[in-house]
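Enquirer: Below is a structure I'd like to ask you about.
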């Protein structure tokens, strides 16, 4: 800490990842968040309790804010950013974001799912319980309505989400919450004082 009470060294909430300030603003990280050792979280970012930020994820809150809810998982290689002064990024609770996604200046409502390698762009909204398919590109300003699955480039509706898929969305979020807890326990066993 410096004389103003501001941390002078980057620290992770649970000893994980590279946690950096931007213009004096440090990320806020909730209780029992797993952040992989090589993930990076920068600036005006808040992450809710029991979420997980997996290997090689970058969350960069420099020119606006990024908010991530509780029990949300950002899988390996995902990038979360925003647009300067115009498009913050809001990611709700109980969301699964697959490997290698780009989430940029958009809104993801609670309980949706973003498939592997998908891209969601500025001003887009993915509503509760919607699914964006693997490799899809949701263009700026598009709205993916609740209960729909969108795929393709540009993404468009391909069908309604099936009843059994709603159960999968909830199970997947719960699975990753548990997996994050396992990784935290392993880290705490290896690093005294955590």
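The values are calculated or read from the model by the stated rules, or taken from the named source; none is laboratory data. Just so you know, these numbers come straight off a predicted model, no measurement behind them. So basically every Cβ, Gly included, is an ideal-geometry build from the backbone, and we count neighbours across all protein chains shown.
Enquirer: Only residues that are touching a strand residue (DSSP E or B) at 6+ places or on another chain (Cβ under 6 Å) and either in a loop (DSSP other than H, G, I, E, B) or at pLDDT below 95 (or both): list them for region 19-29, please. Full working, then the answer.
Expert: Residues of region 19-29 touching a strand residue (DSSP E or B) at 6+ places or on another chain (Cβ under 6 Å): 19-20, 22, 25, 27-29.
Within region 19-29, 27 is the sole residue that qualifies.
Enquirer: Hey, another quick one. Six or more apart or on different chains, Cβ under 6 Å: which pairs go from a residue in region 101-127 that's on the phi > 0 side of the Ramachandran plot and in contact (Cβ under 8 Å) with a residue 40 or more places away in the chain to one that's assigned to a strand (DSSP E or B) and buried (at least 24 other Cβ atoms within 10 Å of the Cβ)? Could you list them?
Expert: 105/89
Enquirer: Same structure again: Among the residues in region 56-65, are any more than 11 Å from the chain's Cα centre (by Cα), more than 13 Å from residue 41 (Cβ to Cβ), assigned to a loop (DSSP other than H, G, I, E, B) and at pLDDT 95 or above?
Expert: No, the conditions are met nowhere in region 56-65.
Enquirer: Among 91, 66, which is free of Cβ contacts under 8 Å to residues at least 40 places away in the same chain and closer than 25 Å to residue 165 by Cβ? If you could, list the steps in order and put the result at the bottom.
Expert: Working: 66 fails: closer than 25 Å to residue 165 by Cβ.
Of the residues listed, the single one that is free of Cβ contacts under 8 Å to residues at least 40 places away in the same chain and closer than 25 Å to residue 165 by Cβ is 91.
Enquirer: Among residues belonging to region 71-87 that are over 13 Å from residue 39 (Cβ atoms) and buried (at least 18 other Cβ atoms within 10 Å of the Cβ), point out the one that is farthest from the chain's Cα centre (by Cα). I'd like the intermediate steps shown before the answer.
Expert: Step one: list which residues in region 71-87 are over 13 Å from residue 39 (Cβ atoms), which gives 71-72, 81-87.
Okay, now just the ones that are also buried (at least 18 other Cβ atoms within 10 Å of the Cβ), so 71-72, 81-82, 87.
Details: 71: 10, 72: 6, 81: 10, 82: 13, 87: 16 Å.
Filtering first and then ranking leaves 87.
Enquirer: Filter region 39-53 down to the residues that are without any contact (Cβ under 8 Å) to a residue 40 or more places away in the chain and crowded, with 17+ Cβ neighbours inside 10 Å and list them by number.
Expert: Across region 39-53, the qualifying residues are 39, 40, 41, 42, 43, 44, 45, 47, 53.
Enquirer: I would also like to ask the following. Taking region 30-53 only, how many residues are assigned to a loop (DSSP other than H, G, I, E, B), in contact with a strand residue (DSSP E or B) (Cβ under 9 Å, 6 or more places away or on another chain) and within 12 Å of residue 184 (Cα to Cα)?
Expert: 5
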